[in-house]
Structures are given as C-alpha cells and as structure tokens.
Amino acid sequence: MTGPSPTTSEQIVATCQENAQAITQSLNASLGSKYQLSLGSPTAGGASLVENAYDEPGVMVLFQVGEWAIACLIAERLPLPNWYRTPDESQESRLQTLAMEWSVGMVPPELEATQFATVACGSLKRQLMACGLDESAQLLEITVQKPMASADPPKILMYWPLMTPRFQAVGDWPAIPVVEEVDEEPEEVEGAEEEEFEEEPQPVVSSADSRRRRVLAIPVPLVVRIAEKRIDLRQLRQLAPGMLLTFDKPCEDPLDVYVGGQLYCRGEAVKMGEHFAIKINETESRKQREQRVHRI
C-alpha cells in the first residue's frame, strides 16, 4: 500500500482550513456542544507521532481514502457526552453523521472517502497503533475552545496516513479501580447454626418482550421517492431512451423516505463512495414514528 504524496497532504490541510467552520458546526451538532475549533500547522514525524496520542478513552473519527486512512482522536475529557460509550439509536446516528460530514470537510475534493466511522475505544493510543501509522505520517492539532471554560479542553489530534484502519474498537476499556476490603475471620461459636441464604431469582423475560424482539427483527421495505407526476397513455407510449421526464419538484427539496408505504422521514441524497445514500434531515417524534411502525 502507498500513502498520500506531499502534495496531497498539503491539500488535506488546505481543505480543513477552508472548511473549518463546517467542521466546527458538525462537531457541535453531533455532541450538543458549543466549541470553537482552530487549526494549527501539521507536524511531520512518522510512526513516532503515536507517542503524542492520548492513552485514555475517547472516540476515533476514522475515514478511509483509497489505500490509506485519516483519523481524528477526541479524548473523553473534552468532555464527550456521557452517552457516547453506549449510545442509543439516535445518538449512534449522530456519531456516525459526524464521521460522514468530517470525511467530506477534511478530504480534498480530488479524493473520496470510501468508508467512515466514529469508533468509541478504551485507549486512543492503542487504537491508533492498531491502525498502523505510516513512516510519512503527519499530525495536525486542532485547538478546542469552550465558552466560559476554566481550563482549555484537550486538542483534537488528526493523523494521516494510517495503513491498516480498524473500524472496530481494539482492546478493552480501562478497569475501574476497586478498593478491596479486608474481612476479619469471625470467631467460631459452638452450637451456632449455619445461616441459609436463598438464591436471588433470575429475571424472567416476559412473552411481550419476546414478541417485541421478534417483531423488531422483521425486515421492512424502505423506498426513497424522488418525485412523481401523472402523464397520459400517449406520452407513456412515446417514451424512449434519451428522452427526459421533467418534474415540478425543485432539486433542493428533501426526498421522502417511505417504510411499508408510510411516509417515515425526509432527507437529502449524498454519495458514499460508489453508492447512493440518504442523509436524514427531518423526522417526527419517536412516539409518532413508533405508531407508524405499528401500522406497517
């Protein structure tokens, strides 16, 4: 595998500086924060730059560009939201949207991110080492400023190129220290009866929960509707390769996403590598969406 050329690295830095505001907005939207980001100058150091990485929990925003990858390390003490280790469906979507938007804002237009993810891990340094920093690696430090903060948050560390990107967490989370109590051996008393303890009952999964799990595992059809119109049979018969069908719907309008024939949400079309994707922009409340699912 080959990494990026020096010219490509210069383009990466220039792209990040040009899109600094969009990168900041994306971070705040994903984490629910009000940070301000400012970019420094890249530092060349090769594989030795791994020593600058945080040996602590956090998230790695990782995206692959051809045969190599770019990683951004965000330490837990930024601070990250409490839910980042065990996010629900909506929170997980926010984390992965961060990876998608940063892959667009940090990768030069001449290139293209083919895979991306936000990975929560127990040690950012260990995760970075597993991703294989190249001997030509560079580090770009992104300073984070938080309004009314008594101390400066840790910087976001951006590394490239990584030659063996890992899109799953490597290793375990750090153990929580436990204070061991020293128990004194009780004195034996003659004639004392052994106390019997009943085992705690194990939780029982109700039939309703079991049915709910089976229902949630059922695949449902998802359809993206671009536009629609009515034409007469005469026009229909005249359709041929090369002809254009025009619609009244403006190009910038969101696309409708239907699940089981029910309008579920709206979004915009984006390109992910060689594939088509939808970035969700509008949804109803969770209760309304669950009601729609029950009607499907």
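Just so it is clear, none of the values below were taken in a lab; they were calculated from the coordinates. In this text the structure is predicted, and so the values were computed from the model without any measurement. Here the Cβ is made from the backbone with ideal geometry for all residues, glycine too, and neighbour counts use every protein chain on show.
Listed values, structure above:
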{"quantity": "Distance between region 110-163 and region 217-254 - C-alpha centres, whole angstrom", "calculated": "43 Å"}
{"quantity": "Cα gyration tensor, region 6-162 - rounded (a/c under 1.5), prolate or oblate", "calculated": "rounded"}
{"quantity": "Extended-chain gain in nm, criterion 0.36 nm per residue less alpha-carbon gap, A14 and T97", "calculated": "27.6 nm"}
{"quantity": "Residues in region 147-170 that a label on K34 would reach, taking backbone N under 19 Å of a point 7 Å out along Cα→Cβ", "calculated": "147-154"}
{"quantity": "Extension gain, E284 back to D232 (0.36 nm per residue minus Cα-Cα distance, nm)", "calculated": "15.2 nm"}
{"quantity": "Relative contact order %, region 6-162, counting alpha carbon pairs below 8 Å whose residues are six or more apart", "calculated": "36 percent"}
{"quantity": "Separation in nanometres of the label points that stand 7 Å from Cα toward Cβ, at L222 and D248", "calculated": "3.0 nm"}
{"quantity": "Computed label-point distance, nm, for sites T164 and E89 using a 7 Å Cα→Cβ extension", "calculated": "3.6 nm"}
{"quantity": "Candidate lysines - alpha carbon under 19 Å from K229, same-chain residues fewer than 8 apart omitted", "calculated": "K249"}
{"quantity": "Contact order normalised by residue count of region 219-260, Cα under 8 Å, 6+ apart, percent", "calculated": "76 percent"}
{"quantity": "Extension gain from E56 to A151, taking 0.36 nm per residue of separation minus the Cα-Cα distance", "calculated": "32.4 nm"}
{"quantity": "Above-threshold pairs, the threshold being 27 Å between Cα atoms, out of K125/K146; K125/K271; K125/K279; K155/K271", "calculated": "K125/K271; K125/K279; K155/K271"}
